[in-house]
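Where a number appears in this text, it was derived from the coordinates with a stated rule and is not lab data. Small disclaimer: the values here were computed from a predicted structure and weren't measured.
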Amino acid sequence: MTFNFTPKPYGLIAIVCLVAFFGCSKDNAAKKQTYTYTITTPVLKSRTEVFAALNGSAAEPVKTAGKFYIKNQFIYLNEVEKGIHIIDNSNPSQPKQVGFLNIPGNLDIAVRDNILYADTYTDLLAIDISNPKKAAIVKEIKNFYQRYYIYDANPDMMIAAVIKKDTTIEAVWYDCANCLYASANQATNNTKSNSGTAGSMASMVLMNDHLYALQESHSLGIVDISTPSSPKFDTTYYAGFDLETIYPFEDKLFLGSMTGMFMYDMTNPLAPVKLGEFSHGRACDPVVTDGKYAYVTLHAGTTCGGSANELNVIDINDLMNPILVKAYNLTKPKGLCKDGNLLFVCDDKSGVRLYDAGNVSDLKQLSSINIENAYDIIAGNNHAMVVTDDGLYQYDYSNTKSIRFLSKYALKNN
């Protein structure tokens, strides 16, 4: 049995949770299991040095594309843990990169007015992008994210990179009813028009005058952005277990987790009220909704665990009692989006499937986009943008039976 752990680093010491057991008698049968975990060691640099390099080259190659965000004519494409490519998409047939923001540890993006919000390994940054070639950090919320923790670190220092090393151990454990866990050290969709649109894989979103982000896998951080250039951290809310994604709809937040879907009423933006919860087998799962139904994709073969590869359609007319309408078997689905009665699902080597979702009990596939390893999609007004492992693709789906290719912003692997 193999488990992957990504621990929080403390200074230059990585902490990994190992299993230790207490209260077990010698009569219990010993068993051995193999565990694989990741030792994560931070590389620290001064904030002055890191922030001085914010404005990178507009010719920075795209090597590992991640999440993306759309606002007006610009596409903001994450380079996993490296930064953000700013692409002028005024002409979807010829997108042009106009800037690159060097942001170590970046995974998520959101934009309000001319302020871009981005995560670093530990901090939340507000960046003025009025001039995308001369962006400037206008506010930091230090230690907003709890993925990593620097013990007794100089406040002028920050994580500029991490070094990861997989290690395998063999652990001995005993069958007993009172075993406990201990730790050991191992050295080495938005409601304001002045915001944009995030994909279904986002874990940071904007809703009215607040930013909501997953600070770690159980906690929802709430930030006041009524003054976009001066975000103010409000509170942290325990929102569920193994959380991965956030999808905003009207005054609700839909959280996708490895174990299910959590729904919250955000009428009071600082005090989420839990509504219903939908549980499924363990798997990675983004979620989108149209207010009547929630659409959840489950995919296996990752650290999330589980074996399901399917699309779940869930009736949420009664938000306190969500009901599974139907599960559709797919190849290995990931990101998805909905435009009216059209449902797009990124499905590994099967391409991007386009369904008529007028009858959720009997989805009809209209066509597909012949593209492999699609990660996420944003679609609207007959224009679809898809991120894959080898580029950013754009399509015209005004004719749903014959989707037209517009352009590919290719990844430039050196």
Fill in: Kirkwood Rh, Cα atoms: Rg over Rh of segment 312-414
1.01
Fill in: Set of aspartates and glutamates with alpha-carbon distance to Lys401 below 20 Å, sequence-local pairs under 8 removed
Asp339, Asp347, Asp356, Asp362, Glu372
